[in-house]
Each structure stands twice: as structure tokens, then as C-alpha cells.
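To start, the structure itself, in C-alpha cells.
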Amino acid sequence: MSTIQHPAGGRIRTSRNLRGLRDYATQIAPVVCVITRRDSTCPARGELTVIYADGAIGRESFASHPIMIDFVRNRRTWRGAELRYLDGDMGYLSYPGILQGARA
């Protein structure tokens, strides 16, 4: 379940899926920063944080870290945003969900 919270702490929107994060970016405020990290309790999982221009913060948890990275890279409306991959160099994805190393 994804949630979008106001900077003061109140919940703005809740969604069962990722559509809430995407719709907020296209309808209300553009994305300024996207932060990805591995879940501290289970390294196979991923945690996504999205910061919008109006200060709202969206959060989502993914069952698969590579799928999360693939999701972020496929968002055209998020391409102008700052991307922070907190788990180091992610290389590139050649096929959905398949993580490949960066080429020199």
C-alpha cells in the first residue's frame, strides 16, 4: 500500500497500488527527488521514497529490489527528478527485473 503524506505529517492520499504515486506526480505536483534503498530487514526487498515539488512525500515497499529499480527507470514523468540509489551503482537493466553490471 502506497501512502503520500503532507510535510506537516498528515496523510494526503493512500492507494493499494503504485497508481497513487504516479497520479499525484502528473495531476498535482511533479517529482523532485526519488530515493531507493534495500529494506533493512530483508535485502531482497526494496523501499521507495518519492519527494514531490509541493513537499509531499510518497512511500512504497516492493517485494523485489530489482523490480523497484526497473519501475523507477521506466517512469518518464520522473526523468527530470534527482535520483538517489542508496545501494551504490545499480548498473542498468537489460530486461525487466534482470540486473546487469555497468559496462566500462
Quiz item: Among the residues of the stretch 42-74, which ones are crowded, with 17+ Cβ neighbours inside 10 Å, touching a Lys or Arg at 6+ places or on another chain (Cβ under 8 Å) and closer than 19 Å to Gln27 by Cα?
Solution: Val50
Self-check item: Residues within the stretch 1-52 that are of a type in the set (Val, Ile, Thr), closer than 23 Å to Arg79 by Cα and touching a strand residue (DSSP E or B) at 6+ places or on another chain (Cβ under 7 Å), tallied
Solution: 10
Practice problem: Scan the stretch 12-51 residue by residue and report those that are closer than 12 Å to Phe62 by Cβ and of a type in the set (Gly, Ala, Ser). | Solution: Ala44, Gly46
Self-check item: Spans of strands (runs of 3 or more DSSP E) in the stretch 1-102 with at least 2 residues of a type in the set (Ser, Thr, Tyr) and modelled with pLDDT of 90 or more
Solution: 46-52
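The values are calculated or read from the model by the stated rules, or taken from the named source; none is laboratory data. Fair warning: this is a prediction, and the values are worked out from it, not measured in the lab. Cβ sites come from the backbone with ideal geometry, for glycine too, and all protein chains shown count toward neighbours.
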